[in-house]
Amino acid sequence: MLEALTLVVPCYNEAKRFDAAKFSEALARFPGLQLLLVNDGSSDATASVIEAFASISAGRVRTLSLAQNRGKAEAVRRGLQAAMDGGAAWVGFWDADLATPLGALTEFSAAASRHDGARALIGSRVRLLGREIDRNPVRHLLGRIFATAASVTLDLPVYDTQCGAKIFLADETLRGALQEPFGSRWIFDVELLQRLDAGWLRTTGRRATAYLVEVPLLAWQDVKGSSVRVGDFVRAGAELAVIRSRRSR
Ligand SMILES: Nc1nc2c(ncn2[C@@H]2O[C@H](COP(=O)(O)OP(=O)(O)O)[C@@H](O)[C@H]2O)c(=O)[nH]1
Ligand SMILES: [Mg+2]
């Protein structure tokens, strides 16, 4: 998986948080890794920060710029499409704040080798002793409530739909799942999993349980500067209800 992977990094006003050294370190450590940094209509210096980084990356870092702020869902969708057009065998997305450290790619890759038929690998923030899952208690609790509701909505025993680190096999099912813009701004992850589940069922007769692998992270941290608020939890619940109604139709 790591031999031909392009990670899309959605960047909205990330000029201050963008840690070029950590991305460089990962590029050195994983020779098959490429990055596609998507500037989501930022109003700060994100565009020049990521372009400067791309210009010293020997072609392994590209940028894509959306003229207006469209939200993470659209930034990721456009990025994944561009990454597939670029010919990557695997594509994924990864939050710019590196809440999931890029070192976790080692675990993703190990999980892909263990599960021969894996077509999607998603990070899972399971808080266990001996791991460093450092999440603020309120967000942890709201997150667990949301995750349970998302699992019921999808009718899949998935533990964590919302981790900002996910990798997919770049195939026609993924392309189909990315064709239409997402309806939700914050929980597009749930929509994407629903679309893939439906796509796999249609083309292979098997549901996501056959293809989706959750990768329990060794480390994850809430990075300061997030713009997600408690009100978004309520909005996310409403968006989930819409996704659910679509499934029962
Ligand atoms: N907040 C926000 N993030 C965006 C947007 N577009 C892309 N992103 C990116 O989405 C990722 C997650 O954002 P963050 O604020 O850390 O959210 P959180 O960690 O889920 O609370 C980051 O890589 C952002 O740069 C947007 O319109 N708003
Ligand atoms: Mg974050």
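Close contacts from segment 198-225, counting a first residue that is touching a residue at least 24 places away in the same chain (Cβ under 8 Å) and over 24 Å from SER113 (Cβ atoms) and a second that is within 16 Å of ligand 2 (Cβ to nearest atom) and open to solvent by less than 40 Å² (accessible area, probe 1.4 Å), with Cβ to Cβ under 6 Å and a gap of 6+ residues or different chains, come to GLN221/ALA99; ASP222/ARG135; VAL223/ASP97; VAL223/ALA99. LEU128 meets the conditions (1) exposed (fewer than 14 other Cβ atoms within 10 Å of the Cβ); (2) in a strand (DSSP E or B) in every case but one. The failed one is (2).
Kindly indicate whether VAL138 is within 13 Å of ligand 1 (Cβ to nearest atom), part of a helix (DSSP H, G or I), open to solvent by less than 20 Å² (accessible area, probe 1.4 Å) and in contact with a helix residue (DSSP H, G or I) (Cβ under 9 Å, 6 or more places away or on another chain). Considered against the rule, which asks whether it is within 13 Å of ligand 1 (Cβ to nearest atom), part of a helix (DSSP H, G or I), open to solvent by less than 20 Å² (accessible area, probe 1.4 Å) and in contact with a helix residue (DSSP H, G or I) (Cβ under 9 Å, 6 or more places away or on another chain), VAL138 comes out as no.
Flag set for GLN162, criterion: part of a loop (DSSP other than H, G, I, E, B), within 15 Å of ligand 2 (Cβ to nearest atom) and without any contact (Cβ under 8 Å) to a residue 40 or more places away in the chain. Within the set GLY92, GLY117, the sole residue that is in contact (Cβ under 8 Å) with a residue 40 or more places away in the chain, open to solvent by 20 Å² or more (accessible area, probe 1.4 Å) and in contact with a helix residue (DSSP H, G or I) (Cβ under 9 Å, 6 or more places away or on another chain) turns out to be GLY117. Tell me which strands (runs of 3 or more DSSP E) are completely within segment 1-114 and hold 1 or more residues being of a type in the set (D, E, K, R), or say none if there are none. Those strands (runs of 3 or more DSSP E) span 33-40, 61-66.
Would you tally the residues in segment 168-194 being open to solvent by less than 60 Å² (accessible area, probe 1.4 Å) and at pLDDT 95 or above?
So the first thing to find is which residues in segment 168-194 are open to solvent by less than 60 Å² (accessible area, probe 1.4 Å), and the list is 168-171, 173-174, 176-178, 182, 184, 187-194.
With at pLDDT 95 or above added as a condition, the list becomes 168-171, 173-174, 176-178, 182, 188-194.
Result for segment 168-194: 17.
Could you grab the pairs with beta carbons closer than 9 Å, sequence gap of 6+ or different chains, first residue in segment 13-29 and surrounded by 15 or more Cβ atoms within 10 Å (Cβ to Cβ), second one charged (D, E, K, R) and at pLDDT below 95? Qualifying pairs under 9 Å: ARG17/LYS224.
The values are calculated or read from the model by the stated rules, or taken from the named source; none is laboratory data. Note that the structure is predicted; figures quoted are calculated from it, not measured. Cβ: placed from backbone, ideal geometry, glycine included. Neighbour counts: every protein chain shown. For accessibility, only protein heavy atoms count, side chains too; no ligands or nucleic acids. Shrake-Rupley method; radii C 1.70, N 1.55, O 1.52, S 1.80 Å.
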